[in-house]
Amino acid sequence: MSALGITARRHHSRAGFRTAADALPSGKYVDRERWGAMRRSVVGLVAAAAFMAAVGWLYQLVGQRRDERHFSPPGRLVDVGGRRLHIIERAGTGNGPSVVVLPALGTPAVEWQNVFAALPAGITAYAVDRGGIGWSDPAPPLPRTPLVLADEATALLDALELSSVVLVGHSYGGIAARVTAARHPGRVVGLLLVDSSHEQQARQLAQRDPRIPRSEIWRRAARRQMRSLGWYRAWHDLTAWRALLREAVDEVGEQLAPAVVARSLRTASRRAVVGEMVGIALAPYVTPDWAQRLGDLPTTVLTVGDGHAWGPAYPTWFELHQSFLAMSTCARHVVLDGTGHHMNHDVPHEVAGAITDLVDKAHRHGTRSP
């Protein structure tokens, strides 16, 4: 081909004629444009999400540091091997066994102050903020299973140098208290289960009521984990602070309410709650059978009476509580009407009475044999 022909073909191509390289289906051009637009959109969304996360993280950090300056611990911090647990305590004048309370999932020790106030003067009592909750140092990044919580409770008993204790476990704290009691039969001389959770509850509730999927606990845990971001704190600061404050006033009084709400918004608190929720989900698979063998341990089981706290799940809840009675040859079941799940708020005097009964019984009969 002559040079003139080649030049003419190039000229025609530039003038609008398609070359062989250009001879692709027209849809390919559209696909490329769409892909480019989609890619730019994805990059923009990722950048926006990263920016929002950074702003939320900064807001959370500033809020936490502000709260740490304003809200000092109402109790004292106890070293348990490299980290500190916050406890509230009530010094008694007697020489009987001490009382140690393991609260419900995610709840601080100060929610037990009304129960402590109703105890007789002779009883010494402690309640603990588990790792990450309240004023305690963050918990290790592990699922907070009953065995892990029992290890933490044992470390606290060692740090406090308590050789004879009545354990009180509320809700999820009840499983941890039961595991601790079964592990240390000579040290734990009484057990009070306050509307306690059961390691098989998620499985049995799902079997009895199909409206309660087994995956629900995981969805709740995921939502709680997202609350570690500062946007959840911002939402509370702007819209929900007063409502939370009113609820906290009912639980811990006006003086402590702002501190309790602020501490619950910490990243460590949210992660601890997630860890305990994952622990509940894993409890059916990791809680040992020996945790159901309590021997002759004096045990009292407190159960909500009218079922309004649990709705359709109440029959299953009640049956699970009855199963606690077979774990000890010295167990009794007390059903309390007029209360919800948080008996420490609703009927503190009745809970204090059950504690006193166990302390008196242990004091009369002495230390249990392992």
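No value in this document is a laboratory result; all are computed from the given coordinates. Keep in mind it's a predicted model, so treat the numbers as computed, not measured. Glycine also receives a Cβ, built like all others from the backbone with ideal geometry; neighbour counts cover every protein chain displayed.
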Note the full-extension length gain between R203 and Q255 as 0.36 nm times their separation in residues minus their Cα-Cα distance, in nm to one decimal. 14.7 nm
I'd like the distance between the alpha-carbon centres of region 274-322 and region 104-139, rounded to an integer number of Å. 20 Å
Just need the relative contact order of region 76-365 here, percent rounded to a whole number, with Cα pairs under 8 Å and 6+ apart. 24 percent
I need the peptides 247-253, 143-149 ranked by packing, meaning the mean over residues of other C-beta atoms within 10 angstrom, with the highest value on top. 143-149, 247-253
